[in-house]
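All remarks here apply to the structure that follows.
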Amino acid sequence: MGIASDERRALSALFEEVGPDAPTLCDGWQARDLAAHLVLRERRPDAMAGIVVPPLAAYTQRVQDQYASKPWAELVELVRSGARFSPLRIPFVDETVNGAEFLVHHEDVRRGQPGWEPRAADAARDAAAWRSVKQASRLNLRKSPVGVVLRTSGGHEEVVKTGPDPVTVVGAPLELLLFVFGRDAIRVEFEGDAAAIARLTALSRGV
């Protein structure tokens, strides 16, 4: 089993623990909304276009709301079981497509609750997070007005955006992944000019 399946199981269990009205790091979304998004993403890819194509956003929202209106236990089970007839049932495809998705959204729920702390280091999870960081960062940070270097606490480093006044972001791989995907409830350190750091942290990070 891979990180995607591990995180799916853990997130599903957490959904059951916190309930449908729990806050998340996704702006304006409670746990129910996030669960509905995950189900829509896997079971209704035809309705995903509205996430990036504004004229289709209303349709995407309608489909997501239909899932969100389901009984909570049923909705969580749809998250847990995933798409029944899909290439995502192939472990390699699931890991490639869903690894970062479930890592980030698991933390969206964990860190939406008061008193959260980072999870203990895990070699497999950290390796998967770092791979995802390197894959996603050039796209998600493409609009950065300053150069960006990402460095893990263990010393692995990646230049992900060339530019003036480079800033180095240092943290555990999962913290860096959350940074790349625009989350602020993270434990990282910044190295560089204060004004450049402010410009980077003010950036709307993500696709």
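The values are calculated or read from the model by the stated rules, or taken from the named source; none is laboratory data. For clarity, every value in this text was computed on a predicted model and none was experimentally measured. Here the Cβ positions follow ideal geometry from the backbone for every residue, glycine too, while neighbour counts run over all protein chains shown.
Worth a mention:
- Scanning region 140-162 for residues that are in contact with a Pro (Cβ under 7 Å, 6 or more places away or on another chain) and part of a loop (DSSP other than H, G, I, E, B) gives Val146, Gly147.
- Only residues that are surrounded by fewer than 19 Cβ atoms within 10 Å (Cβ to Cβ), under 20 Å from Glu101 (Cβ atoms) and not hydrophobic (A, V, I, L, M, F, W, C) were counted across region 44-66, and they come to 5.
- Against the criterion of being surrounded by 18 or more Cβ atoms within 10 Å (Cβ to Cβ), in contact with a helix residue (DSSP H, G or I) (Cβ under 6 Å, 6 or more places away or on another chain) and more than 26 Å from Arg9 (Cα to Cα), Asn140 qualifies.
- A single entry from Leu14, Leu38, Leu34 fulfils the requirement of being more than 24 Å from Phe85 (Cα to Cα), in contact (Cβ under 8 Å) with a residue 24 or more places away in the chain and part of a helix (DSSP H, G or I): Leu14.
- Selection of first residues in region 159-171 that are without any contact (Cβ under 8 Å) to a residue 40 or more places away in the chain and of second residues that are of a type in the set (Ser, Thr, Tyr) and buried (at least 18 other Cβ atoms within 10 Å of the Cβ), restricted to Cβ pairs under 9 Å at least 6 apart or on distinct chains, gives the following pairs, ordered by first then second residue: Val160/Ser137; Val160/Ser144; Lys161/Ser137; Lys161/Ser144; Gly163/Ser144; Val167/Ser144; Val170/Thr152; Gly171/Thr152.
- Condition met for Thr162 (surrounded by fewer than 18 Cβ atoms within 10 Å (Cβ to Cβ), touching an Asp or Glu at 6+ places or on another chain (Cβ under 6 Å), of a type in the set (S, T, N, Q) and not assigned by TED's automatic domain parsing to the domain that holds Glu101): no
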